[in-house]
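Heads up, the thing below is written out as structure tokens.
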Amino acid sequence: MAPRSHALLNASGSHRWLHCTAAPLLEENFPDSTSVYAKEGTLAHELCELKLQKYTTAMAKSTYTRKFNKIKKDELWQPEMDDTSETYLEYVKGVMLGCTATPVVAIEKRVDFSRYVPDGFGTADCIILSGDTLHIVDYKHGKGVVVDAERNPQMMLYALGAIDAYRLLYMFNTVKMTIVQPRVNNISEWEIPTAELLEWGNTFVKPRADEAISGNGKFEPGDWCRFCRAKQQCKARYDANDSLYSALVSNHDPRLISMTELGEYLRRGKDVAAWLEDMKDYALTESLNGVTVPGWKAVEGRGSRAFQDTDAAIDTLIKAGIDESILYERKTLTLAQMEKTIGKTQFNDMVGDMIVKKAGKPTLVEESDKRPRITNQPTAAQIFNVSNDNNGGN
């Protein structure tokens, strides 16, 4: 086998392999792929790194401008990256200015946590060292999933690596971790005593990492499956989702279930919809490759009509006497589109005080979600006020 250019047990995938210790070696049988979203994130990280370097070093203005313009010429460049990177920069500056001892900043620092994970290493976006406190700050460009810093294994592994890297110079008592995720207005902070973090590394991480690397790992399907390269073909995931159906049909009357059973079925079944979509994608890919999937086949979907040359077609219609006004539609951009086009800072300066936040549509989440519970039932205070109103306030 050719030597790996990446860590088998990497920090970014730790949420998965710390639960499903069999996943890493299974994933080695599947090609790694990079999405356009990941590439956009990489570009945004480059800008964050550049701005932080400019702030913390004696970088010449011409050097900064040249590197900034190079990033802006990338085909994946989005104007909002300038705003999101500023949010990240301002947060890091705030941490530095709030330090009681002169801070030392390490940017895009490779950290080695192989004391706990065989060949374990990763790259921390920003490490701030100040007195007995270690700060780990991570920028997230994605907006599909809100990332929480609390007990975030990727951040905790970075912290373990940083403690090892600077153990001869610093004696840390506290580790503070922050996720800066500007596109969903998320800045999540969490701190942990260093002793507790080290205990986690020794008693929780190390045994699971050793199990994963040994080839005797155990499968444990869960919401971490969505980022697994083997998710479409994993038998353990199939069995876990198939068992939910067996549990439902074995119920004395599946039409009548208790709230306890409802909660349990929702918990166990939250991966079912995603799993079925993964199965469909896998079956389609195999069918297109000429493999027979009994009972299924690939067909051409419903097509759509389009002009070979839209501009030429419109020009022909106008010359034929069709009023140009009926060929075009004037449509106002959404608030988010306007903000993205104009730029977040300028947009907020101009019309930020004209924006109102509307309540979101009710959605069902697990009880561990940090958002407050809502209900259509009136509160005791509301009932009391209504009662007083009906009695004339007496």
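Observations
- From the list LEU284, LEU266, LEU262, LEU288, the one residue that fits, being surrounded by 10 or more Cβ atoms within 10 Å (Cβ to Cβ), hydrophobic (A, V, I, L, M, F, W, C) and at pLDDT 85 or above, is LEU284.
- Subset of region 63-88 [under 22 Å from ASN348 (Cα atoms) and either of a type in the set (A, V, I, L, M) or not assigned by TED's automatic domain parsing to the domain that holds LYS51 (or both)]: MET81
- Within region 375-388, tally of residues that are surrounded by 10 or more Cβ atoms within 10 Å (Cβ to Cβ) and either at pLDDT 80 or above or part of a helix (DSSP H, G or I) (or both): 6
- Cβ-Cβ under 8 Å pairs, at least 6 apart or on other chains, region 65-82 side surrounded by 15 or more Cβ atoms within 10 Å (Cβ to Cβ), far side of a type in the set (Phe, Trp, Tyr) and not in a helix (DSSP H, G or I): ILE71/TRP77
- Test result for ASP32, surrounded by 13 or more Cβ atoms within 10 Å (Cβ to Cβ), farther than 21 Å from ALA124 by Cβ and either without any contact (Cβ under 8 Å) to a residue 60 or more places away in the chain or within 23 Å of the chain's Cα centre (by Cα) (or both): no
- Count of region 95-113 residues which are surrounded by 15 or more Cβ atoms within 10 Å (Cβ to Cβ) and within 29 Å of LEU18 (Cα to Cα): 7
- Verdict on ARG237 being surrounded by fewer than 16 Cβ atoms within 10 Å (Cβ to Cβ), modelled with pLDDT of 80 or more, part of a helix (DSSP H, G or I) and not aliphatic (A, V, I, L, M): no
- Filter result for PRO182 (in contact with a Leu (Cβ under 8 Å, 6 or more places away or on another chain) and of a type outside the set (Val, Ile, Thr)): no
- Criterion: closer than 30 Å to GLY222 by Cβ and in a helix (DSSP H, G or I) - qualifying residue of ASP281, ASP311: ASP281
- Per this entry, ALA230 is not counted among residues that are surrounded by 14 or more Cβ atoms within 10 Å (Cβ to Cβ), small (Gly, Ala, Ser), within 19 Å of TYR139 (Cα to Cα) and touching a residue at least 40 places away in the same chain (Cβ under 8 Å).
- Scanning region 50-71 for residues that are within 28 Å of the chain's Cα centre (by Cα) and closer than 22 Å to GLU40 by Cβ yields LEU50, LYS51, LEU52, GLN53, LYS54, LYS67, PHE68, ASN69, LYS70, ILE71.
- The one condition in (1) under 19 Å from LEU157 (Cα atoms); (2) of a type in the set (Asp, Glu); (3) at pLDDT 95 or above that ASP119 fails to fulfil: (3)
- Residue in region 292-300 that is surrounded by 11 or more Cβ atoms within 10 Å (Cβ to Cβ), outside any helix (DSSP H, G or I) and of a type in the set (Phe, Trp, Tyr) present: yes
- Selection within region 180-197 - surrounded by 15 or more Cβ atoms within 10 Å (Cβ to Cβ) and not in a strand (DSSP E or B): PRO182, ARG183, THR194, LEU197
- When each of TYR116, TYR139 is tested for being in contact with a Phe, Trp or Tyr (Cβ under 7 Å, 6 or more places away or on another chain), aromatic (Phe, Trp, Tyr), touching a residue at least 60 places away in the same chain (Cβ under 8 Å) and crowded, with 20+ Cβ neighbours inside 10 Å, the lone residue that passes is TYR139.
The values are calculated or read from the model by the stated rules, or taken from the named source; none is laboratory data. These numbers come from a predicted model, not from an experiment. For neighbour counting, all protein chains shown are included, and Cβ atoms are generated from backbone atoms with ideal geometry for every residue, glycine included.
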